[in-house]
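Notes follow the structure.
What follows is calculated from the coordinates using simple rules that are stated; it is not laboratory data. Note that the coordinates shown come from a computational prediction; the quantities given were computed from them, not determined experimentally. For neighbour counting, all protein chains shown are included, and Cβ atoms are generated from backbone atoms with ideal geometry for every residue, glycine included.
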Amino acid sequence: MTNRTVLITGCSSGFGKLAVNTFRAGGWNVVATMRSPEKEAELTGLEGVLVTRLDVKDPQSIDAAFEQGAAAFGSIDAVVNNAGYGSNALFEQSPDASVRDIYETNVFGLMNVMRRALPDMRERGSGRIVNVTSMAGLMGLLGNSVYSSSKFAVEGLTEALALEYKPLGVRIVSVAPGAYLTTAFGANTDNYIESGDPQLVEHSQNVRDHFASIVSGGTPQDPQEVADKIYECVTADEVPVHNPVGADAERLSGLIDSLPSRQAFVAAMEQMLLPPAG
C-alpha cells in the first residue's frame, strides 16, 4: 500500500462506504469511521482499511480515531467530512431537538473534526479536507429548510477556510451532491411531514407532491459519481472550492451563475418549485 492516508466520517453506508472503496482502489490507506463499527462487516479486515469509532459530536472519539489512524498508517493526509443528518419538514414542523441535532452533526460536528485535523496539516504545510454538503446548500430547499440552512453554513465555512488555509498549504473544498434517492442514502433522515395543524400538514404535502412531480421520471443518478468527485478533490492538483456533483446539482449551479442576481434565481425557483395556488 501507499503511505497516503485518508480519514472518512460516516462510512457505515452511502457515499462514505463508496468513498472507502474508491480510495482503497486508488492505493490509499483509509481510516473508515462510524458511530457503530461493531456492526460493520463489509469493510472490516480489508487490507489498508482501519474501521474505528468516531461520533462527530464526541471530541474524545475524534481524538481516538485520529490517534489510531496515525498509529496504523502514519500521518493523516486528507479528511473527508461525510457524516450528516437530515430532516424532511417545513420549518414549523421541525422540533427544536431535531433542529439542534442537525446542527450538532452537520455543522458543529464537522467543525470538531476539522479542529482536530487542521493543526497537524498546518504544521506539515500540506493536507486536504473535503466537506460533503448538498445541492440544498446551493439553494434554499423548501420542505427541507433546516437541513438546507445547515448545508449553507458549511458551504460558507468551507469558502472562508479555503482562503484562510491556502497560504498554509492546506486545501479545503466542498462537494455538493444532487439527489441520489436510494434507501441507503436517506437513512439518517427524520420525517415530520405529518406534524402540526391541518393547514401546515396540507401545505407540506402539497409542496412535496409538486416537487416529486418535477423530479420524477428522470434517470437515477449513480452515487459512485459522488465518491469519484471526493477522490478527485483530494488527489487532483487544482480543484474549485465548490464542487456540485450530479446532473441536477450541476444544472442548478449553472443556473445560479447565469442569472444576473440572487433574487433572479429565487424568482426562478419560486416559479418552478411552488405548487400552483388554489
Gaussian network model of the chain, Cα springs within a sub-10 Å range: biggest mean-square fluctuation belongs to which of Ala176, Ala25, Ala117?
-> Ala25
Let me know the charge dipole size of the chain about its Cα centre in debye, to the nearest 20, where only the beta-carbon of Lys, Arg (+1) and Asp, Glu (-1) is charged.
-> 580 debye
In whole Å, what three semi-axes, largest first, describe the equivalent ellipsoid of segment 46-142 built from its Cα gyration tensor (square root of 5 times each eigenvalue)?
-> 30, 15, 12
Summing -39500 (n - 2.57) over every DSSP H run of at least 4 in the chain, dividing by its residue total and rounding to the nearest 500, the 222 nm mean residue ellipticity is -14500 deg cm²/dmol
Sequence-distant residues sharing a close amide H with Gly86 (under 5 Å, placed H) = Thr189, Asp190
Using mean Cβ contacts within 10 Å as the protection proxy, how do 79-86, 207-214, 17-24 order, highest first?
-> 79-86, 17-24, 207-214
Under 5 Å from the placed amide H of Leu50, counting only residues 5+ away or on other chains, we find Val30, Val31, Ala32
Of Ser149, Leu252, Ile129, farthest towards positive along the dipole that unit charges on Lys, Arg, Asp, Glu beta carbons give the chain | Ile129
Please state the relative contact order of the chain as a whole percent: Cα pairs under 8 Å, 6+ residues apart?
-> 18 percent
Output ³J(HN,Hα) for segment 175-180: one whole-Hz value per residue in order, computed from phi by the Karplus curve 6.51 cos²θ - 1.76 cosθ + 1.60 with θ = phi - 60°, and x for Gly and Pro.
-> 10, 10, x, x, 8, 10
Give me the distance between the Cα centres of segment 192-255 and segment 2-48, rounded to whole Å.
-> 24 Å
Work out the length of the dipole vector of segment 92-170 about its Cα centre, built from +1 on the beta-carbon of each Lys and Arg and -1 on the beta-carbon of each Asp and Glu, and round it to the nearest 20 debye.
-> 380 debye
From zero up to wherever the largest Cα-Cα distance of segment 114-257 sits, split into 10 Å bins and tell me the percent of pairs in each.
-> 10, 35, 32, 16, 6, 1
Once amide H atoms are built 1.01 Å from N in the peptide plane, which residues 5 or more positions from Ile172, or in another chain, come under 5 Å H to H?
-> Ile129
Residue by residue, what Karplus-based ³J(HN,Hα) values in Hz, rounded to whole numbers, does segment 128-134 have, using 6.51, -1.76 and 1.60 with θ = phi - 60° and x for Gly and Pro?
-> 10, 10, 10, 9, 7, 10, 5
